[in-house]
Amino acid sequence: MPRAFIFAAFCFVLLLPPVSGEVLKSEAGFFVDLPAGFTLIDGDGKARFSFADPNGVMEFDIRVYESERFASPEAMAEDVATRLKSSGERESFSYEGRKAVMAELRFPLNGKPMRGYAMLMGGRKGENGYALLAYSEEASFEAYADFVLSCLDAFSIDRAARRDPGPISQYLLAWPPERKGTKQVRLPGDISVGLPWNEDEAQQETDTAGREYRVLTTYAQNEKLWVEAWSRFYRMVYRESAVRLDRLTTEISRGLPPDDPTESARRILAWVQGFVYERDPKGIDFVTPLVGAYEARGDCDSRAVIMAAILQRLGIDCVLMLSREYSHAMLAVDVPGGGQRFPWRGKQYLVAETTAKVGLGMIASTQTDWNKWLGVGLGP
C-alpha cells in the first residue's frame, strides 16, 4: 500500500501541568500537543483519553495498553478493527525505533458512517503500547482531514521523541532519512561547507508546515483561540524541523567560542540577518527551517525558528517572540549582555532582531511594548 494513501481523500484529569505552552504530559509518559480548542470529553485519566474539536465534529482517542497485551502492533490493529467493525488498508512502519501500523478507519457509530485513521504503536519490552484514533463523520472528513493528521502527528511516545518529527512524518518518510545528496551551505564567518542532503526530507518538512498552516488559518477569525493556534503552529514546525538541523549545528559549533554563549548568539544572529529576505514561496507565508538554513533565505519568523533550533541544541535557552500588532517575529535569548530584554516566565531574555542588521539586544523603539508580544517556548 503506498504511503501516499492518506492523502487520497481530500481531564486530561490526571495529566500533569503543561510543560511548554499547551503541550501536555500524561502519567503514562507520552506527550501530546493538540490543536487549539480540543478538550477532553471522556476517559479514565490513565489508559483512555478522548478529545473533541471545538465544534464537536472530530474526535481523537488515545488508548494505552500494557506491553504484554498484544504480541505486535498488527495484532493491536486487528483488535481495533474487530471492535469497531472497521475496514480499510493498513501498513507497517517504524516509529522511534518501534514497530507501528498505520490503518484507515471506516466504521459505523450511532448509525452514522465514520472515517479517519488509526496509528498503533508497540512499546519496546516492558513499555506501553498505544492506539491513536482520529476520525469524524464521513461527510465531514474532507474538511477535517488536516486536523486528523495533525492530531496523530502531535503525539510523542516519550520526552526524547518530542525532538523528532511526529508519527505521521515518520510514516511518510522513514526516520532517520538517508541523505545521499550534498548541498553547499554558507556558515557564519562566510565559510562554505558541503552537507548531506535529501530532497524528500525537505519536501516532507514543507508538507508538514503546509498542513499546519492550513490548520492555523481556520482560527484566523477566532479571537478566543488564535493565540493558542498561532503558538502551536510554530511548536509543530519546530518539532518537525529542529533535529534536521543537528548536522548544520555541529558544523557551526566548530567556529564558535567555547563557554561564551553571548558571543555564540551574536555570531548566529549575524548569520541569519544575512539571509535573503523571502516569504510565502509556496502559499504558507513561511520558509521552512531546513530549507531556509541551508539556502540562507527566509522571513523574520523563519530565521527566528532556525536560530532557536541551533541555540537550543547548543544548550542556550531562548524564546520565540511573535506580535500581531507589529506584524513581526524575533527571538530572545537567555545570555548575559546589555540591551532590551523581553520578560517571559520569570526570566529576562535579551532580544535578537533577525531581519534588521542590528546588534544583540537592539530593537526598534516603536516595538518595545512587551504587552504586544507573545512568547512561545519551543522544543522539549
Check your understanding: If you take just the strands (runs of 3 or more DSSP E) that sit entirely in the range 324-363, which of them hold at least 1 residues that are touching a Ser or Thr at 6+ places or on another chain (Cβ under 7 Å) and under 22 Å from residue 260 (Cα atoms)?
Key -> 328-333
Study note, to complete from the structure: With the first residue restricted to the range 95-109 and required to be closer than 14 Å to residue 74 by Cα, and the second required to be of a type in the set (Gly, Ala, Ser) and crowded, with 20+ Cβ neighbours inside 10 Å, Cβ contacts under 6 Å at 6 or more apart or on different chains are 98/122; 99/122; 101/77; 103/77; 103/118
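A quick yes/no check of all residues on (1) among the β-branched types (Val, Ile, Thr); (2) surrounded by 15 or more Cβ atoms within 10 Å (Cβ to Cβ); (3) within 25 Å of residue 237 (Cα to Cα):
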residue: 34; (1), (2), (3): no, yes, yes
residue: 38; (1), (2), (3): no, yes, yes
residue: 42; (1), (2), (3): no, no, no
residue: 54; (1), (2), (3): no, yes, yes
residue: 61; (1), (2), (3): no, yes, yes
residue: 68; (1), (2), (3): no, no, no
residue: 71; (1), (2), (3): no, no, no
residue: 79; (1), (2), (3): no, yes, no
residue: 82; (1), (2), (3): yes, no, no
Revision key, fill the gap. Filtering the range 300-316 for residues that are outside any helix (DSSP H, G or I) and either hydroxyl-bearing (Ser, Thr, Tyr) or within 19 Å of the chain's Cα centre (by Cα) (or both) leaves a count of 0
Point to revise | Checking residue 220 against (1) within 22 Å of the chain's Cα centre (by Cα); (2) at pLDDT 95 or above; (3) exposed (fewer than 14 other Cβ atoms within 10 Å of the Cβ), the condition it does not meet | key: (2)
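For the range 163-194, enumerate the residues that are part of a helix (DSSP H, G or I) and either at pLDDT 95 or above or in the same structural domain as residue 275 (by TED's automatic domain parsing) (or both).
167, 168, 169, 170, 171, 172
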Review point. Name the pairs whose Cβ atoms lie under 7 Å apart, with the first residue in the range 349-373 and in the same structural domain as residue 302 (by TED's automatic domain parsing) and closer than 18 Å to residue 337 by Cα, the second charged (D, E, K, R) and assigned to a loop (DSSP other than H, G, I, E, B), and 6 or more positions between them or separate chains?
Key: 349/334; 362/353; 363/353
Check your understanding: If we keep just the residues of the range 192-239 that are among the basic types (Lys, Arg) and touching a helix residue (DSSP H, G or I) at 6+ places or on another chain (Cβ under 9 Å), which is nearest to residue 330 (Cα to Cα)?
Key -> 232
Exercise for review: Please enumerate the residues belonging to the range 208-217 that are surrounded by 21 or more Cβ atoms within 10 Å (Cβ to Cβ) and among the basic types (Lys, Arg).
Suggested key: 211
Point to revise | Positions within the range 323-354 being surrounded by 22 or more Cβ atoms within 10 Å (Cβ to Cβ) and small (Gly, Ala, Ser), in sequence order | key: 329, 332, 352
Practice item. Provide a single number: the residues in the range 108-158 that are in a loop (DSSP other than H, G, I, E, B) and in contact with a Pro (Cβ under 6 Å, 6 or more places away or on another chain). Key: 1
Point to revise | Exclusive hit being assigned by TED's automatic domain parsing to the domain that holds residue 229, of a type outside the set (Phe, Trp, Tyr), under 17 Å from the mean Cα position of the chain (by Cα) and in a loop (DSSP other than H, G, I, E, B), set 319, 287 | key: 287
Practice item. Considering only residues that are under 20 Å from residue 315 (Cα atoms) and more than 26 Å from the chain's Cα centre (by Cα), look in the range 355-380 and name the one that is surrounded by the fewest Cβ atoms within 10 Å (Cβ to Cβ). Key: 361
Check your understanding: Would a scan of the range 144-159 turn up a residue that is assigned by TED's automatic domain parsing to the domain that holds residue 49, acidic (Asp, Glu) and buried (at least 22 other Cβ atoms within 10 Å of the Cβ)?
Key -> yes
Point to revise | Members of the range 49-89 found to be basic (Lys, Arg) and in contact with a helix residue (DSSP H, G or I) (Cβ under 9 Å, 6 or more places away or on another chain), listed by number | key: 63, 69
Review point. Among the residues of the range 23-32 satisfying the criterion of being among the hydrophobic types (A, V, I, L, M, F, W, C) and assigned to a loop (DSSP other than H, G, I, E, B), which is surrounded by the fewest Cβ atoms within 10 Å (Cβ to Cβ)?
Key: 28
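The values are calculated or read from the model by the stated rules, or taken from the named source; none is laboratory data. This one's a predicted model, so the numbers in the text were calculated from it and none came from an experiment. Quick reminder, even Gly has a Cβ in these numbers, built from the backbone with ideal geometry, and neighbours come from all protein chains shown.
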